[in-house]
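The values are calculated or read from the model by the stated rules, or taken from the named source; none is laboratory data. Treat the numbers as computed from the prediction; the structure is a model and nothing was measured. Heads up, the Cβs are rebuilt from the backbone with ideal geometry, glycines too, and the neighbour counts pull from every protein chain shown.
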Amino acid sequence: MKNIVVLVSGGGTNLQALIDAQDSGIIKGGKITCVISSKPGVYALERAKNHNIKSRVIARKDYPDVEEYSRAILSALDEEKADLVVYAGFMTILDELVVRAYPYKMMNVHPALIPSFCGKGYYGLRVHEEALKKGVKLTGATVHFVTEVCDGGPIILQKAVEVKNEDTPEILQKRVMEQAEWKILPQAVSLFCEDKLEVRDEIVYIKD
Ligand code: GAR
């Protein structure tokens with residue numbers, strides 16, 4: 001069984017999707033063993049508690065810079081013996097020292113079809129505001145491996161979602177979560193835990 005450590009910063013609906021998938025047996029070969037939050041008091045921590053999952057708060061505000069914060073996260077991941085690290089609405093960019101310690105063992109869910117609407121500054125509702133401003137007719141979600149390049153790592157899974165005329169950023173965010181994020185994140189986690197993901201030349205291949 002692989003140890004899955006989930007990093008969160010907010011409401012944790014993607015964490016909930018992972019917990020639900022785990023409870024219904026969709027995630028094979030792995031178990032969520034710890035949730036780490038970059039903020040105290042967020043609802044994601046309640047979700048972990050409700051399901052008897054260990055949680056830790058490593059608050060970004062308690063550290064003077066990204067490097068020191070990243071070292072604290074790295075030692076927690078090592079202590080938890082993480083086999084897979086999942087960014088589920090984790091809003092803090094970590095120093096590459098973490099990525100280097102967990103190569104192709106960290107994945108992130110992003111609420112757009114990468115390479116659109118991604119990179120520094122594109123997070124949460126902002127992503128959907130920009131998609132609506134541009135007038136795209138399709139958007140969606142992407143699960144990718146985390147590398148030193150923000151939102152630039154190898155793509156694992158993507159799912160497209162329709163944009164409608166009357167959408168607000170909030171309505172679009174909800175549709176992208178329901179139709180894409182909450183589906184592809186548990187799928188990607190399960191594929192990893194079943195050793196079905198292979199990365200060659202920065203491309204992910206899914207084994208049968
Ligand atoms: C999700 O839409 C996730 O894709 C996004 O933040 C939201 C967190 O919601 N992440 C990013 O924008 C990262 N660049 P949640 O806390 O309810 O899972």
Can you confirm whether Lys81 is modelled with pLDDT of 95 or more, in a helix (DSSP H, G or I) and away from the ligand (no atom under 12 Å from the Cβ)?
no
Could you pull out the residue among Ser70, Ser9, Ser37 that is among the hydroxyl-bearing types (Ser, Thr, Tyr), surrounded by 21 or more Cβ atoms within 10 Å (Cβ to Cβ) and either away from the ligand (no atom under 12 Å from the Cβ) or within 24 Å of Gln173 (Cα to Cα) (or both)?
Ser37
If you go through the stretch 157-166 one residue at a time, do you hit one that is among the hydrophobic types (A, V, I, L, M, F, W, C) and either within 11 Å of the ligand (Cβ to nearest atom) or touching a Ser or Thr at 6+ places or on another chain (Cβ under 7 Å) (or both)?
yes
Failed item, numbered, when Val163 is tested on (1) in contact with a strand residue (DSSP E or B) (Cβ under 6 Å, 6 or more places away or on another chain); (2) of a type in the set (A, V, I, L, M, F, W, C); (3) closer than 22 Å to Leu15 by Cα
(3)
Within the stretch 107-123, can one find any residue that is farther than 18 Å from Ile155 by Cα and either within 9 Å of the ligand (Cβ to nearest atom) or at pLDDT below 95 (or both)?
yes
Residue count for the stretch 31-54, restricted to those that are closer than 13 Å to Gln16 by Cβ, out of contact with any helix residue (DSSP H, G or I) (no Cβ under 8 Å at 6 or more places or on another chain) and in a loop (DSSP other than H, G, I, E, B)
1
